[in-house]
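**Student:** Have a look at this one.
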Amino acid sequence: MKKFKWVFLRGGIFVVIFSLFFGWGQIQEIQAAINFTEPEYPFLEDVPSGLSFDRELALTEAAEIEARLTLLGVGSQDLIKNLSEFFRSLAGDFFSFVDKISLGYSLLFYLALFAIFFLLNITSVVIVVIISNWIFNRRAIYHKYKRKEIIEIVSPYFYDDLEDHEAAGIVETLTQYKSLKDKQIIIDVLIEGKRNFTGEGSIKIKALYQVLQLHKVSLHKIKYGSWYRRSVGLRELAFLGRRAYKTEIEKYINDNHQYVRTEAILSYMLLDDVNPFGFLMDLKYSFVRWDSLSIYYTMYFNGIEPPPMAHMLNHSDLQVRLFLLRMISIYNQLDAVREVAKCLLDEHAEVRQEAVITLRALEYYRIKVLMKNRYINECQPVRLEILRSMKHFIEDDDISFIEERVRKGSFDEVFEAVKLLYKFSGYGEQRLWLLDEELEGRIAVFIKHVAEPRNKHVA
Amino acid sequence: MNKVNLDLSSKKTVVIVEDNDLLSKVLEYRMEKDGFQVEVFNNGEEAIEFLSSNSFDLLITDLYMPFMNGSELIKYVRNNISATVPIMAISSTHEEDVIGNIFNIGANDFIVKPFRAGELSVRIKRLIR
């Protein structure tokens with residue numbers, strides 16, 4: 001009995017919620033649908049005028065259609081009497097559906113509900129946009145105002161002839177800015193000053209950063225911020241901080257986030273001008289090519305002297321070895337040739353290839369014999385680099401080696417070898433034509449290509 | 001054509017065209033301290049209006065600015081306002097082509113950022129004399 005009661009109660013609640021949700025009109029329709037029996041195509045007079053059905057208009061339209069059909073010779077005398085059937089025959093299920101739903105007021109209710117909901121949505125979005133814009137503008141105005149104020153205070157600080165009491169006054173005024181927002185504006189202004197001024201002004205900016213305890217703001221960002229804030233904090237420390245912060249920055253060289261790692265590397269370099277590549281030995285993540293580019297430009301724009309790199313060429317990371325070889329080549333570190341030559345025996349073809357390119361750039365002639373000896377066992381890219389390097393080292397006793405490449409080499413090897421011989425001397429060109437006879441005209445196309453004046457820059 | 005201020009008894013006018021508010025403020029502070037009258041503009045377009053209708057003794061301009069850059073401004077001043085007024089260009093560029101071009105179009109001096117604030121002051125005084 002209890003169970004029955006519970007089922008009854010649940011059924012009642014369901015009906016109430018259902019009624020509230022769908023509305024009384026819907027229940028009526030459901031009831032009508034339950035009681036529905038197949039209509040015997042009621043006459044038009046029985047069809048009530050509803051929301052989307054105008055009986056008079058329908059009659060007029062039907063009369064017009066009948067007139068047209070009569071003109072076409074189609075018999076349709078019963079159309080008026082059974083217009084409903086006529087429509088059904090025209091549109092089938094579609095019209096029967098329209099007949100059923102268009103006459104219910106619940107549709108209007110739902111449409112109105114939808115329209116209200118839609119308008120509410122639009123209104124809430126507009127309100128959010130207006131409020132966000134207002135907040136953004138307020139922040140921008142505040143930032144602009146404070147920045148202007150701080151610039152006014154700081155600008156005398158960049159000159160050498162500032163009296164001590166004037167400097168102390170500036171520091172005193174700036175200590176009045178207590179909020180984090182204001183401190184961040186001061187940091188931004190100081191960084192900008194550091195970018196624009198050098199010498200005494202630059203030293204003073206760093207001192208101001210310390211005196212105002214702004215490094216604490218940067219350190220807080222590094223410790224507790226998102227990856228972006230961590231990157232910004234590292235940059236601030238690197239620009240304005242002292243070498244003492246290097247140990248703090250070192251912790252982020254192996255950060256989970258790539259951007260933070262890159263920023264930490266660059267910051268480390270800026271703070272340690274004695275050994276800017278010291279971080280390489282502590283790398284746990286693979287060194288990406290983007291980092292090498294960033295490092296190069298950081299060195300270039302900040303005038304960082306390249307440190308000795310040869311001792312790091314046995315680094316376990318392939319990308320680091322490649323990076324160091326490129327840097328040795330760019331900075332023309334001639335004292336690294338011995339270590340670079342060892343890279344010709346590296347297990348990775350990429351490193352061997354880069355080593356050949358570096359030795360070529362350093363113009364280390366004595367390596368020619370080793371390169372020639374390694375040639376047969378090398379892969380195609382390294383072979384091509386060796387042939388290109390021979391351009392700088394070629395002598396008379398190398399001609400037989402190059403001719404052998406013309407005879408037995410791949411398409412690219414033959415091309416490089418032909419270029420090499422042709423450029424070597426008039427004798428080299430003679431040898432090429434003799435070789436062409438020997439090879440039954442197979443290299444004539446290469447010789448013509450190389451000899452063509454328009455291909456001079458290619459050859 | 002020539003808008004150079006020849007009145008030696010009056011304050012000399014220095015026009016600074018620089019979109020960086022910090023740099024322009026620092027320059028303005030120093031120039032005013034050194035006894036010059038200073039006019040500051042954010043870009044070339046704004047400066048031209050002033051330069052066309054007022055006399056001035058020195059123009060200091062950044063090279064990279066919105067609306068009208070420094071090169072265009074120098075060309076305009078040399079062709080339409082004054083062929084002799086000293087012009088100093090400021091930029092962070094190290095490109096030789098750009099620097100060479102600046103002198104070709106009529107700049108008298110060029111200073112690369114970052115620079116010593118004191119050095120700039122000395123150069124300005126030398127130019128204006």
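The values are calculated or read from the model by the stated rules, or taken from the named source; none is laboratory data. Since the model is a prediction, treat every value here as computed from it, not as a measurement. Virtual Cβ from ideal backbone geometry, glycine too; neighbours counted across all protein chains shown.
**Student:** Taking the condition of being more than 14 Å from chain A (Cβ to nearest Cβ), at pLDDT below 85 and in contact with a Phe, Trp or Tyr (Cβ under 9 Å, 6 or more places away or on another chain), how many residues in region B:100-129 meet it?
**Tutor:** 1
Table: residues versus (1) in contact with a Lys or Arg (Cβ under 9 Å, 6 or more places away or on another chain); (2) of a type in the set (D, E, K, R).
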residue: A:288; (1), (2): yes, no
residue: A:294; (1), (2): no, no
residue: A:312; (1), (2): yes, no
residue: A:316; (1), (2): no, no
residue: A:321; (1), (2): no, yes
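**Student:** Need pairs with beta-carbon distance below 9 Å; first residue in contact (Cβ under 8 Å) with a residue 12 or more places away in the chain and farther than 28 Å from residue B:114 by Cβ and within region B:75-93, second loosely packed, with under 14 Cβ neighbours inside 10 Å and hydrophobic (A, V, I, L, M, F, W, C); sequence gap 6+ or separate chains.
**Tutor:** Cβ pairs passing all conditions: B:80/B:1; B:81/B:1; B:82/B:1; B:83/B:1.
**Student:** Report, ordered by the first and then the second residue, all pairs with beta carbons closer than 7 Å, sequence separation of six or more or different chains, a first member in region A:153-167 that is facing chain B (nearest Cβ under 8 Å), and a second member that is outside any helix (DSSP H, G or I).
**Tutor:** Between residues of region A:153-167 that are facing chain B (nearest Cβ under 8 Å) and residues that are outside any helix (DSSP H, G or I), the close pairs are A:156/A:162; A:158/A:197.
**Student:** Count, please, the residues in region A:257-275 that happen to be at pLDDT 85 or above and either outside any helix (DSSP H, G or I) or in contact with a Cys (Cβ under 9 Å, 6 or more places away or on another chain) (or both).
**Tutor:** 1
**Student:** If you don't mind, another one. Among (1) in contact (Cβ under 8 Å) with a residue 40 or more places away in the chain; (2) within 14 Å of chain A (Cβ to nearest Cβ), where does residue B:32 come up short?
**Tutor:** Of everything listed in (1) in contact (Cβ under 8 Å) with a residue 40 or more places away in the chain; (2) within 14 Å of chain A (Cβ to nearest Cβ), residue B:32 misses just condition (1).
**Student:** Oh, and also: If we keep just the residues of region A:173-225 that are among the hydroxyl-bearing types (Ser, Thr, Tyr) and assigned to a helix (DSSP H, G or I), which is nearest to the other protein chains (Cβ to nearest Cβ)? Give the steps one after another, and end with the answer.
**Tutor:** Step one: list which residues in region A:173-225 are among the hydroxyl-bearing types (Ser, Thr, Tyr), which gives A:173, A:175, A:177, A:179, A:198, A:202, A:209, A:218, A:224.
When the remaining residues are screened for being assigned to a helix (DSSP H, G or I), the result is A:173, A:175, A:202, A:209, A:218, A:224.
Details: A:173: 15, A:175: 20, A:202: 7, A:209: 15, A:218: 19, A:224: 29 Å.
The residue in question is A:202.
Residues checked against (1) more than 22 Å from residue A:426 (Cβ to Cβ); (2) surrounded by fewer than 19 Cβ atoms within 10 Å (Cβ to Cβ); (3) out of contact with any strand residue (DSSP E or B) (no Cβ under 9 Å at 6 or more places or on another chain):
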{"position": "A:347", "(1), (2), (3)": "yes, yes, yes"}
{"position": "A:356", "(1), (2), (3)": "yes, no, yes"}
{"position": "A:379", "(1), (2), (3)": "yes, yes, yes"}
{"position": "A:394", "(1), (2), (3)": "no, no, yes"}
{"position": "A:401", "(1), (2), (3)": "no, yes, yes"}
